[in-house]
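Worksheet: the structure to be examined is printed underneath.
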Amino acid sequence: MNILLTGGAGYIGSHTSVMLLESGHDVVVLDNLCNSKAASLKRVEEITGKKILFYQEDLCDLAGVNEIFRQNSIDAVIHFAGLKSVAESVEQPLRYYQNNINGTLVLCEVMQANGVKNLVFSSSATVYGNPETVPINENAPVGAFNPYGRSKLFIEKILTDLYLSDKKWNIALLRYFNPVGAHLSGLIGEDPSDLPNNLMPYISQVAVGQLQKLLIYGDDYETPDGTGVRDYIHVMDLAQGHLKALEKLNSGPGLVTYNLGTGKGYSVLEMVAAYEKASGKQIPCQIVGRRPGDIPTCYANPCLAEKELGWTARRGIDEMCTDAWRWQYLNPKGYV
Ligand code: NAD
Ligand code: UFG
């Protein structure tokens, strides 16, 4: 198949590109590089020995997106493009709604006009807000806490309405838990443009000496060691989930929603210990107050994806940390 990846130069998109190319698909990437570098795609080509057709384009530009569909015969779209910083979304809600929601509306309009109706969307566990129970099932109540999360929730609703209006659409809403790690080659990985917001890239930058110490946001949660518990998933397992979702869409399932997580929760302190073991480096830490908006515990029930997609996450936290560390020490300043 010829797959269009919006936001394909980013962290998850670049890893998914490797998986798609290695499975014999063709990849077209649309990305405005607002949070990524074209170098990631060159590295994907280096890993796979295959070419990517890259358009530096903003998803909100309807004419530009339409031209990509005119020039290529696209079979399906994986929609990664979006802004993803929770803190930034609180400061700049209009920018987040404009980019994430308007970009999706433009994409769907162009897909519809061109008769392309298979779509995989990058949603997030953030749509569950503070879950009442864990592990979290796909039918758990939703409700996001911040503009970023609400943009994901609104997009899920928009895509549901679109499907209800025209049952020829096949749409997979993939709710990612916490993606971490990197491709085994160490050639591609997560490269935050600013100070990392997320735990794993922050630890990596401490380990490689770019940052002094990790601030641990709270050790007084109701969790076994008091620090926050999350479901970390290796980015290559996540990439595999996209391949399985695309296959599923070919069978005409309509609108489907899947958690992509491991089903296991690890605390901040457990992740630090695993990273220290993988890297042989000591990670200086300081316990500070809770980060506003954080929840104590979040992990998936991934059984539906196993049952309906035949997908399970295979890589454990040691492999996640080893691969994240390999990427970081080979590329201490990212893609420079
Ligand atoms: P990323 O920032 O590395 O990748 C997103 C890509 O989209 C970037 O390359 C960026 O340049 C591009 N982009 C943004 N707005 C665009 C626009 N208007 N036009 C064209 N390109 C645009 O992020 P990622 O971690 O790879 O995340 C991919 C998707 O998965 C995002 O939608 C994100 O919200 C979602 N997600 C990520 C996580 C996570 O923790 N990484 C968790 C859950 C969901
Ligand atoms: N944490 C620290 N110090 C840091 C960063 C994080 O102690 O410097 C802690 C947090 O308090 C939390 C855990 O590490 O307990 C994980 O935090 P992350 O920021 O890595 O991840 P979150 O679960 O808060 O959120 C991430 C993305 C969201 C996404 C969610 C689920 O930022 O956008 O995963 O996919 F929705």
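The values are calculated or read from the model by the stated rules, or taken from the named source; none is laboratory data. Fair warning: this is a prediction, and the values are worked out from it, not measured in the lab. When we count neighbours, we look across all protein chains shown, and the Cβ atoms used for this are built from the backbone with ideal geometry, even at glycine.
Quick grid of which residues meet (1) within 16 Å of ligand 2 (Cβ to nearest atom); (2) buried (at least 17 other Cβ atoms within 10 Å of the Cβ); (3) among the hydrophobic types (A, V, I, L, M, F, W, C):
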residue: G10; (1), (2), (3): yes, yes, no
residue: S40; (1), (2), (3): no, yes, no
residue: R43; (1), (2), (3): no, yes, no
residue: D61; (1), (2), (3): no, no, no
residue: G64; (1), (2), (3): no, yes, no
residue: D75; (1), (2), (3): no, no, no
residue: F80; (1), (2), (3): yes, yes, yes
residue: Y96; (1), (2), (3): yes, yes, no
residue: G103; (1), (2), (3): no, yes, no
_Answer from G254, G289 - the residue that is in contact (Cβ under 8 Å) with a residue 60 or more places away in the chain, within 29 Å of E138 (Cβ to Cβ) and in contact with a strand residue (DSSP E or B) (Cβ under 9 Å, 6 or more places away or on another chain)_ = G254
*From the set of residues in the range 162-192 that are among the charged types (D, E, K, R) and under 17 Å from the mean Cα position of the chain (by Cα), which is farthest from ligand 2 (Cβ to nearest atom)?*
D191
_Whether any residue in the range 288-298 is within 16 Å of ligand 2 (Cβ to nearest atom), at pLDDT 95 or above and in a helix (DSSP H, G or I) is what I want to check._
no
*So which of G261, G252 is closer than 24 Å to I155 by Cα, modelled with pLDDT of 95 or more and within 15 Å of ligand 2 (Cβ to nearest atom)?*
G261
*Please indicate, with yes or no, whether at least one residue in the range 16-34 is within 16 Å of ligand 2 (Cβ to nearest atom) and within 17 Å of P192 (Cα to Cα).*
no
*Members of the range 269-294 found to be touching a Phe, Trp or Tyr at 6+ places or on another chain (Cβ under 8 Å) and within 29 Å of E91 (Cβ to Cβ), listed by number*: M271, I283, V288, G289, R290, R291, G293, D294
*Is the range 234-245 home to any residue that is out of contact with any helix residue (DSSP H, G or I) (no Cβ under 8 Å at 6 or more places or on another chain) and either near ligand 2 (Cβ under 9 Å from one of its atoms) or within 30 Å of G24 (Cβ to Cβ) (or both)?*
yes
_Here are the criteria: (1) over 30 Å from Y163 (Cβ atoms); (2) of a type outside the set (D, E, K, R); (3) assigned to a loop (DSSP other than H, G, I, E, B). Tell me which single one P253 does not satisfy._
(1)
*Take the residues in the range 128-156 that are of a type in the set (F, W, Y) and within 14 Å of ligand 2 (Cβ to nearest atom), then tell me which one is farthest from Q92 (Cα to Cα).*
Y128
*Is there a residue being more than 14 Å from the chain's Cα centre (by Cα) and either among the charged types (D, E, K, R) or away from ligand 2 (no atom under 13 Å from the Cβ) (or both) anywhere in the range 195-205?*
no
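Here's the yes/no breakdown for (1) touching a strand residue (DSSP E or B) at 6+ places or on another chain (Cβ under 9 Å); (2) crowded, with 21+ Cβ neighbours inside 10 Å; (3) over 26 Å from E45 (Cα atoms):
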| residue | (1), (2), (3) |
| --- | --- |
| D166 | no, no, yes |
| A172 | yes, yes, yes |
| L184 | no, no, no |
| Y232 | yes, yes, yes |
| D237 | yes, yes, no |
| H242 | yes, yes, no |
*Can you name every residue in the range 316-334 that is surrounded by fewer than 18 Cβ atoms within 10 Å (Cβ to Cβ) and either at pLDDT below 95 or in a loop (DSSP other than H, G, I, E, B) (or both)?*
G316, P332, K333
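Are there any strands (runs of 3 or more DSSP E) wholly within the range 166-217 with 1 or more residues that are under 26 Å from S151 (Cβ atoms) and aromatic (F, W, Y), and if so which?
170-176, 214-217
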_Looking only at the range 258-275, filter to residues that are in a helix (DSSP H, G or I) and surrounded by 18 or more Cβ atoms within 10 Å (Cβ to Cβ); which one of those is farthest from ligand 1 (Cβ to nearest atom)?_
L269
*Right, L159: under 27 Å from K42 (Cα atoms), more than 16 Å from ligand 2 (Cβ to nearest atom) and buried (at least 16 other Cβ atoms within 10 Å of the Cβ) or not?*
no
*Being among the small types (G, A, S), in a helix (DSSP H, G or I) and either surrounded by 15 or more Cβ atoms within 10 Å (Cβ to Cβ) or within 16 Å of ligand 1 (Cβ to nearest atom) (or both), is that true of even one residue in the range 276-283?*
yes
